[in-house]
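In what follows, a structure is listed as structure tokens, so that the remarks can point back to it.
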Amino acid sequence: MPKVDVYDVNGQVVGEEELTEEIFGAPVNHALLHQAIRVYLANRRAGTASTRTRGEVRGGGRKPWRQKGTGRARHGSIRSPIWRGGGVVFGPKPRSHRLLMPKKARRQALRSALSAKLRDGELTVLDRLELPELKTKAVAQVLERLAGGRKPLLVIPEPDAGVRRAARNLPGVRTVVASCLNTYEVLDSSRVLLTRDAVRKVEEVLRPHASVRRDQAAGGD
């Protein structure tokens, strides 16, 4: 089982944590990571881009000049796509960009992302996030000691409005609840910083066959 040092908020090693091999030591599947990122980015798109066709542009009801005798090319409308201010051919219209990915594949992609971060030395475990006061300056100091980099990802076990409020003004810093962790945010961060409780929460969610056992318990099997 992979082991990592556990740090306190002062950057001192205070212990060691054993991580689950199936989650933090999984093979890195690059194809699955690519698919997970593509699905995540596609599902963030609003799909509201819209252009007007020649039938939707205002004006152009009258023929600009007679068909023959002017020496100019024949035209039927000033809203033709070849005219300035005319309609757009094959332009974007509002649509859904949503893509689907099986739950098992999403979870395996997240295991691959966490394993890659641990393998590259970009994953740090924090004993607990205890500060005299939850201020932006205090959180910034902790992240500077333990995370560094421009885009650290702070993973907390449960929703905490105080932590989010203290970290939201720090440039590049993102805070996420362990149960909402996703592959894109893990790979897009310069370092992943998890509390000990967050590690247990991630292991609870991503442990293989955990969802099957929960479904069986709910069904009474």
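In the stretch 6-34, what count of residues is obtained for those that are open to solvent by 70 Å² or more (accessible area, probe 1.4 Å) and either out of contact with any Ser or Thr (no Cβ under 9 Å at 6 or more places or on another chain) or among the hydroxyl-bearing types (Ser, Thr, Tyr) (or both)?
10
Have a look at 111, 98, 72 and point out the one that is over 30 Å from residue 208 (Cα atoms) and either in the same structural domain as residue 25 (by the TED database) or part of a loop (DSSP other than H, G, I, E, B) (or both).
Answer to the selection: 72.
I need the full set of residues from the stretch 4-31 which are in a strand (DSSP E or B) and out of contact with any Leu (no Cβ under 7 Å at 6 or more places or on another chain), in order please.
The answer is 5, 6, 13, 14, 15, 16, 17, 18.
Would you say residue 131 is surrounded by 17 or more Cβ atoms within 10 Å (Cβ to Cβ), in the same structural domain as residue 17 (by the TED database), not in a helix (DSSP H, G or I) and not β-branched (Val, Ile, Thr)?
No: the conditions fail for residue 131.
Are there any pairs, at least 6 apart or on different chains, whose C-beta atoms fall under 7 Å, with the first in the stretch 10-27 and in the same structural domain as residue 122 (by the TED database) and within 15 Å of residue 125 (Cβ to Cβ) and the second hydroxyl-bearing (Ser, Thr, Tyr) and surrounded by 12 or more Cβ atoms within 10 Å (Cβ to Cβ), and if so, which?
That search, which allows pairs on different chains as well, returns 13/7; 14/7; 24/115; 25/115.
Quick check on this structure: which one of 150, 200, 196, 213 is assigned by the TED database to the domain that holds residue 124 and at pLDDT below 90?
The conditions single out 150.
Go through (1) farther than 18 Å from residue 183 by Cβ; (2) open to solvent by less than 30 Å² (accessible area, probe 1.4 Å); (3) at pLDDT 95 or above and name the single condition residue 48 misses.
Residue 48 satisfies every listed condition except (2).
Pairs please, first residue from the stretch 38-65 and aromatic (Phe, Trp, Tyr), second anywhere and open to solvent by less than 70 Å² (accessible area, probe 1.4 Å), Cβ atoms under 7 Å, 6+ apart in sequence or on different chains.
40/182; 40/183; 40/184
Go through (1) part of a loop (DSSP other than H, G, I, E, B); (2) farther than 26 Å from residue 146 by Cβ for residue 34 and report which single condition fails.
Every listed condition holds for residue 34 apart from (1).
Given the condition in a helix (DSSP H, G or I), at pLDDT 95 or above and in the same structural domain as residue 18 (by the TED database), answer yes or no: does some residue in the stretch 171-184 qualify?
yes
So residue 92 clears everything in (1) modelled with pLDDT under 95; (2) surrounded by 11 or more Cβ atoms within 10 Å (Cβ to Cβ) except one condition, right? Which one?
Going through (1) modelled with pLDDT under 95; (2) surrounded by 11 or more Cβ atoms within 10 Å (Cβ to Cβ) one by one, residue 92 breaks only (1).
The values are calculated or read from the model by the stated rules, or taken from the named source; none is laboratory data. Keep in mind the model is a prediction, meaning the values are calculated, not measured. Here the Cβ is made from the backbone with ideal geometry for all residues, glycine too, and neighbour counts use every protein chain on show. Remember, those area values only see protein heavy atoms, side chains included, never the ligands or the DNA or RNA. Shrake-Rupley method; radii C 1.70, N 1.55, O 1.52, S 1.80 Å.
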